[in-house]
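S.K.: Starting off with a structure, shown below.
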Amino acid sequence: MNKLFLSLALTAAAATVAFAKGPKDPELMTIGGTPVKLSEFEYLYNKNNTQQLQPQTVDEYLGMFVAYKQKVAAAREAGIDKTQAFQNEFEGYRRDLSAPYLKDQAVEDSILRAEYERMKTERDVSHIMIALGDNPAADSRQKQLLDSIRTAILGGSDFAELARKFSIDRSVVRNGGHMGYITAARFPYTFEDAAYETKVGDISPVIRTPFGFHIVKVNGERPAQGQVLVEHILKLTQGMDPQAAAAQKAKIDSIYTLVTAGGADFEDVATRESEDPGSAKNGGRLNWFGSGQMVPEFEQTAFSLADGAISEPFATAYGYHIIKRLEGKGIDPYETMHPMLKKVISQDERGELPRKRRVEQLKRKYGVQLDQAAIEAVKQEIAANMGLDSALTAKFLGSETPMAKINKQPLMLSEVMAEMGNPFIGTGEQQARQFEGLVNRAVENAVLDLAREDLAREEPQYGNLLNEYRDGMMLFEISDRNVWSKAKEDKEGLEKFFEANRAKYAWDKPRLKSYVVFATSDSVCSAAKAYLESNNVPNDSLGLVLRRQFGNNVKVERVLAAKGENPITDFIAFGGEKPEPKGRWAFYFPYQNRVILQPEDAGDVRGAVTGDYQNYLEEKWVATLREKYPAKINQKVLKQARKNQEAASGK
């Protein structure tokens, strides 16, 4: 099982399929006494047909489904679903599949809409950023420093001057902290929030992002400019002396004349002349961009041009540019932006809000009641003990003291402690507060587990998909045991199968069967050959023995090839010309080589024999399963399935 399987199943879950559900969901069949509902059959039937070039009828699919369910029955009897490895993997899939259902969709939609509305406006901002501290005390000092800088600015000090003095933003020397117009969904949320919630002309309180502490001054506001698509030509000047920079200016001026008055093709010139390696290979074309994504001079020029117009040369910190504007557009529709917006909010605190709101709803649904007195008693014991040591941890892990009631069932202290990952840290008082957080996490996980159980009953699509996962995992394991791995590991059975079907694997021309010993030099090649002539080395340890003697200067390959399939074997056995030595393994000699007319054993045709042997084992196994887990089909319900299929196909 792997993530590809998960991806395919999630795609299937999104597909629209018709299947029976609700109270009118009769039993289609029993497999070895286990009932199978019509809804499950129709779910898998419809999914199978979406993946087939030629759709099957219900009756054509029925045999496949029965065999599938009989294998699952065998897996269940073998206890595959009871193993810890199986349960851990299945639980991971169950969590992934249930995640879309365990959030408040209205809350998420509201957050996404609000972010999209912000994107319709751009804000002109300046900021000052100072570094985070190495510890809480240092953090506090840094925050106080920036707060005092803010106070000074509010008192009349120059923002740009203080920015150049204190800000660690590398562009501050050039821009005095002025970032220009920015748009939403492109900066850490706390920074974006400060930029959009602070009034024009005001300075935000000190905020924290992963990059540092900031204050944000809002200089202005305008409707979003949208996006622009351009091609450009760049002549770099960064790090050059004035004379070299002047030479670059002369070049860009000549190029400007060439693409305007000279009528040269802009893309062709950009490919040859631009010193921007990322875009030059694409004729100078950049991706669509909006406000705040380019240096101000580049952005202002690009948005000021008409479609099809070419700018005069202009300078940025990187060098001299010419821009050709191709086209512009407003911000994309909400539906187009939705995936990007969802990804943006998933990376900050807003991403948790829909799930947290759903958890609160579930707590009310399942009647969660915290035992505050019991929780407080545990906290006091942790504090009095100066923290949670191994002895106290062991005591709590064995305690059946209720910490809460969920769905009228007690949540024990032992169950709370089972949720603990990393050890608590800090003082006894700090660890006591961490315990309270652990209780909340245990309660949350408990209500989510209850919700997942209810989902399987309340949401047919989810329930069917979950069953498919469970059965698919069991099917994989039981098939591997009885067919795939068995065919590879059962050497005796494989040889017997080969002998019984030898005529099927006959060749139409002879093959060279040999080992070829390769060496890195002629001297090593001669030494290896002499060693094998003087020593009796078993074939199955040939490579190991030679590596022990000659290290990485030799390698051994087993070859089985007909004439025309390999230049080296053609030279050894079929009168071909000797290949020219090349590469590390230019020297070689054959060992125990002989030409055989037909395969001698299963190893000579291993791929074909193994595949056929697997099919043979599969057929035998399925025949056994039919006897052990007989299928009893309700013909009346099967008739209903046929009618449903005909209705869905429009017949």
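The values are calculated or read from the model by the stated rules, or taken from the named source; none is laboratory data. Quick caveat, the model's predicted, so the values are computed rather than measured. Cβ atoms come from the backbone with ideal geometry, glycine included; neighbour counts cover every protein chain shown. Remember, those area values only see protein heavy atoms, side chains included, never the ligands or the DNA or RNA. Shrake-Rupley method; radii C 1.70, N 1.55, O 1.52, S 1.80 Å.
S.K.: Just one of the numbered conditions (1) open to solvent by less than 20 Å² (accessible area, probe 1.4 Å); (2) modelled with pLDDT under 95 is not true of Gln300; which one?
M.R.: (1)
S.K.: While we're here: Name the pairs: first residue in the stretch 363-380 and farther than 11 Å from Glu436 by Cα, second residue open to solvent by 70 Å² or more (accessible area, probe 1.4 Å) and not basic (Lys, Arg), Cβ to Cβ under 6 Å, at least 6 apart or on different chains?
M.R.: Tyr366/Asn407
S.K.: Let me ask another. State whether the residues of the stretch 615-630 include one that is out of contact with any Cys (no Cβ under 8 Å at 6 or more places or on another chain), closer than 30 Å to Leu28 by Cβ, open to solvent by 80 Å² or more (accessible area, probe 1.4 Å) and touching a residue at least 40 places away in the same chain (Cβ under 8 Å).
M.R.: yes
S.K.: Does the stretch 296-305 contain any residue that is part of a loop (DSSP other than H, G, I, E, B) and on the phi < 0 side of the Ramachandran plot?
M.R.: Filtering the stretch 296-305 for residues part of a loop (DSSP other than H, G, I, E, B) gives 305.
After this cut, where a residue has to be on the phi < 0 side of the Ramachandran plot as well, the list is 305.
Checking the stretch 296-305: at least one residue is part of a loop (DSSP other than H, G, I, E, B) and on the phi < 0 side of the Ramachandran plot.
Conditions (1) more than 37 Å from the chain's Cα centre (by Cα); (2) over 30 Å from Lys324 (Cβ atoms); (3) open to solvent by 10 Å² or more (accessible area, probe 1.4 Å); (4) of a type in the set (A, V, I, L, M), marked per residue:
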site: Glu192; (1), (2), (3), (4): no, yes, no, no
site: Arg208; (1), (2), (3), (4): no, yes, yes, no
site: Gln225; (1), (2), (3), (4): no, no, yes, no
site: Ala245; (1), (2), (3), (4): yes, no, yes, yes
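S.K.: Oh, and also: Taking the conditions exactly as written (closer than 28 Å to Lys504 by Cα and either open to solvent by less than 80 Å² (accessible area, probe 1.4 Å) or in contact with a helix residue (DSSP H, G or I) (Cβ under 9 Å, 6 or more places away or on another chain) (or both)), does Gly576 satisfy them or not? Let's see the steps before the verdict.
M.R.: On the way: closer than 28 Å to Lys504 by Cα: no; either open to solvent by less than 80 Å² (accessible area, probe 1.4 Å) or in contact with a helix residue (DSSP H, G or I) (Cβ under 9 Å, 6 or more places away or on another chain) (or both): yes.
Here the answer is no, as Gly576 does not meet what is asked.
S.K.: Run Thr260 past the list (1) touching a residue at least 24 places away in the same chain (Cβ under 8 Å); (2) open to solvent by 60 Å² or more (accessible area, probe 1.4 Å) and report the number of the one that doesn't hold.
M.R.: That leaves (2) as the condition not met.
S.K.: Can you pull out every residue in the stretch 273-297 that is modelled with pLDDT of 95 or more and basic (Lys, Arg)?
M.R.: Passing the criteria: only Arg285.
S.K.: Kindly provide the set of residues from the stretch 98-131 that are of a type in the set (A, V, I, L, M) and either crowded, with 16+ Cβ neighbours inside 10 Å or closer than 22 Å to Ala184 by Cβ (or both), ordered by number.
M.R.: Selection gives Leu102, Ala106, Val107, Ile111, Leu112, Ala114, Met119, Val125, Ile128, Met129, Ile130.
S.K.: Which residue, of Tyr515, Tyr462, is of a type in the set (Ser, Thr, Tyr), over 30 Å from Pro410 (Cα atoms) and in contact with a helix residue (DSSP H, G or I) (Cβ under 9 Å, 6 or more places away or on another chain)? Walk me through it before giving the result.
M.R.: Values: Tyr462 fails: over 30 Å from Pro410 (Cα atoms).
Answer to the selection: Tyr515.
S.K.: Considering the stretch 489-519 alone, what residues qualify as being out of contact with any strand residue (DSSP E or B) (no Cβ under 6 Å at 6 or more places or on another chain), open to solvent by 40 Å² or more (accessible area, probe 1.4 Å) and outside any helix (DSSP H, G or I)?
M.R.: Asp490, Asn501, Ala506, Asp508
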